[in-house]
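Report on the structure given below.
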Amino acid sequence: MINLANRAGVLTLILLFVFQSCSSNNDTTDTPVVVAPDKISVQVDVVGKTAEMPNGDGSGKINLKIEAPNAKSYKVVVNNETKEFTTSSFTYEFTQPGTKTYTIDVTAFNGIKYTNTSATVNIFVARKLIWSDEFNTDGAPDSSKWGYDLGTGNGWGNNELEYYTNRSENVKIEGGLLKITAIKENYQGSQYTSTRMLTKGKFSFKYGRAEIRAKLPAGGGTWPAFWLLGDNIDTAGWPLCGEIDILESVGNNPNVIHSSLHSPGRSGNTPDTKTTTAPNSTTEFHIYAAEWSAENINFYVDDNLFYSYKNSSTTPFNDKFFVIINFAMGGNFGGAVDPNFQRATYEIDYVRVYN
């Protein structure tokens, strides 16, 4: 006969074995295996690429295709931008003009595991005109593009002598040219009148090329300028907002062109400045330009580079700026006005801003 106590012990052992086996099977089922994406590859197609245009058609566009089995999501880091998405196709447009080489870092994810790779691409980006005024319609400047600073502005911080107006006597478009005329006259307590016009609240931009084609006024004490000012001036104040002077010239030192930058600790008599010459600047038109990026701000006269400023993340030159054209008289920089001065005109053929 089988002892009942022994039978009970055997039954207990069997039940314990079955329970442990079931528990072990359930643990295996409840803990899925996460497999990292493997065999990742990236295909970069440059839009418009041909044998004649190996770096693309100038649009700056690329199409990216990622191959990574088991991947559920992707991260792409390109041109200091991070993009995250769940599809394996991606389109990107570069905007900085010129031909450059970029690295594209790609990461494929599956749950908590990932794999990554990188690729490089050479891309050509053509310049695109994003704003301009060609001054082809006679009369007052286009009010959708330009506003005015009016009055004396307490010398505009420079002890200037003029009173700025928007009168046709001081500013008008005639024969395809914008003409800003400084006049010796008693007006609202000032000895001279002129104009200061700006795109504040109407147009501003970050990075690109700004240029003016102009013929400068003549006469001791004249001070024409073409410059950019930080869009945040009303909240940040000057010089924290930053200032980029593309063109300044004074009649007391004719044909000398100044380009300067003003920023905190480097304002007023700034050390960030250089000069060049533009022969016959009061009788001939020249092109004055600045090309501005996160890395550099380069200044040109007739496309001849004469000053390169190294930009960085610590300067104020990484936000939007608006455009100013003005014609001052006298002041700290303009100097003494010729006693025989009666009037002079600053003539502008166009103002253009490119990406």
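The values are calculated or read from the model by the stated rules, or taken from the named source; none is laboratory data. Being a predicted model, the structure only gives us computed values, none of them experimental. We place every Cβ from the backbone using ideal geometry, glycine too, and count neighbours over all the protein chains shown. These accessible areas exclude ligands, DNA and RNA; they are computed on the full protein's heavy atoms, side chains included. Shrake-Rupley method; radii C 1.70, N 1.55, O 1.52, S 1.80 Å.
Can you tell me which residue within segment 264-298, out of those that are outside any loop (DSSP other than H, G, I, E, B) and open to solvent by less than 10 Å² (accessible area, probe 1.4 Å), is farthest from A328 (Cα to Cα)? Break it down into steps so the answer makes sense when it comes.
We begin by selecting, within segment 264-298, every residue outside any loop (DSSP other than H, G, I, E, B); these are 266, 273-277, 286-292, 296-298.
Restricting the remaining residues to those that are open to solvent by less than 10 Å² (accessible area, probe 1.4 Å) gives 288-290, 297.
Values: Y288: 18, A289: 20, A290: 21, I297: 25 Å.
Among those that are outside any loop (DSSP other than H, G, I, E, B) and open to solvent by less than 10 Å² (accessible area, probe 1.4 Å), it is I297.
Out of all the residues in segment 299-328, which are in a loop (DSSP other than H, G, I, E, B) and over 23 Å from R213 (Cβ atoms)?
Matches in segment 299-328: N311, S312, S313, T314, T315, P316, F317, N318, D319, K320.
Name the pairs: first residue in segment 242-271 and within 30 Å of P339 (Cα to Cα) and touching a residue at least 24 places away in the same chain (Cβ under 8 Å), second residue open to solvent by 70 Å² or more (accessible area, probe 1.4 Å) and assigned to a strand (DSSP E or B), Cβ to Cβ under 8 Å, at least 6 apart or on different chains?
N255/T277; I257/T275; I257/T277; S259/K274; S259/T275
Does A236 fit the bill of being surrounded by 14 or more Cβ atoms within 10 Å (Cβ to Cβ), more than 24 Å from F205 (Cα to Cα) and more than 18 Å from the chain's Cα centre (by Cα)?
On the way: surrounded by 14 or more Cβ atoms within 10 Å (Cβ to Cβ): yes; more than 24 Å from F205 (Cα to Cα): no; more than 18 Å from the chain's Cα centre (by Cα): yes.
No, not satisfied.
Among A71, A51, which is the only one that is open to solvent by 90 Å² or more (accessible area, probe 1.4 Å) and part of a loop (DSSP other than H, G, I, E, B)?
On the way: A71 fails: open to solvent by 90 Å² or more (accessible area, probe 1.4 Å).
The match here is A51.
Check whether at least one residue in segment 274-287 is out of contact with any Phe, Trp or Tyr (no Cβ under 6 Å at 6 or more places or on another chain) and under 11 Å from E211 (Cα atoms), and report yes or no. Write out each step before concluding.
Looking only at segment 274-287, we keep the residues that are out of contact with any Phe, Trp or Tyr (no Cβ under 6 Å at 6 or more places or on another chain), and these are 275, 277-287.
Going one step further and asking which of them are under 11 Å from E211 (Cα atoms), we end up with 286-287.
Yes, segment 274-287 contains a residue that is out of contact with any Phe, Trp or Tyr (no Cβ under 6 Å at 6 or more places or on another chain) and under 11 Å from E211 (Cα atoms).
For segment 147-214, list the strands (runs of 3 or more DSSP E) that sit wholly inside it and hold at least 2 residues that are open to solvent by 70 Å² or more (accessible area, probe 1.4 Å), closer than 30 Å to T315 by Cβ and hydrophobic (A, V, I, L, M, F, W, C); which are they?
Counting at least 2 such residues, we get no strands (runs of 3 or more DSSP E) at all.
Tell me whether segment 329-347 contains one or more residues that are open to solvent by 10 Å² or more (accessible area, probe 1.4 Å), part of a strand (DSSP E or B) and among the acidic types (D, E).
Yes, that holds for at least one residue.
Those residues that are outside any strand (DSSP E or B), open to solvent by 50 Å² or more (accessible area, probe 1.4 Å) and within 24 Å of G48 (Cβ to Cβ), I need them from segment 81-105; list them, please. Show your work before the answer.
Within segment 81-105, the subset outside any strand (DSSP E or B) is 86-88, 94-97.
Subset that is open to solvent by 50 Å² or more (accessible area, probe 1.4 Å): 86-87, 95-96.
Listed by number, the residues that qualify are T87, T95, Q96.
Taking segment 215-233, which residues are open to solvent by less than 30 Å² (accessible area, probe 1.4 Å) and in contact with a Cys (Cβ under 6 Å, 6 or more places away or on another chain)? Please lay out each step first, then the result.
If we filter segment 215-233 for residues that are open to solvent by less than 30 Å² (accessible area, probe 1.4 Å), which is where we start, we get 216-217, 219-230.
The answer is G230, and nothing else.
Can you report the number of residues in segment 106-146 which are over 30 Å from L177 (Cβ atoms) and either within 29 Å of the chain's Cα centre (by Cα) or in a loop (DSSP other than H, G, I, E, B) (or both)? Quick ask: steps written out before the conclusion?
Keep residues of segment 106-146 that are over 30 Å from L177 (Cβ atoms), which gives 106-125.
With the extra rule that they be either within 29 Å of the chain's Cα centre (by Cα) or in a loop (DSSP other than H, G, I, E, B) (or both), the set shrinks to 106-107, 111-112, 118-125.
Residues that pass the stated criteria total 12.
Where residues in segment 305-328 are open to solvent by 40 Å² or more (accessible area, probe 1.4 Å) and in contact with an Asp or Glu (Cβ under 7 Å, 6 or more places away or on another chain), which of them is farthest from P264 (Cα to Cα)?
K320
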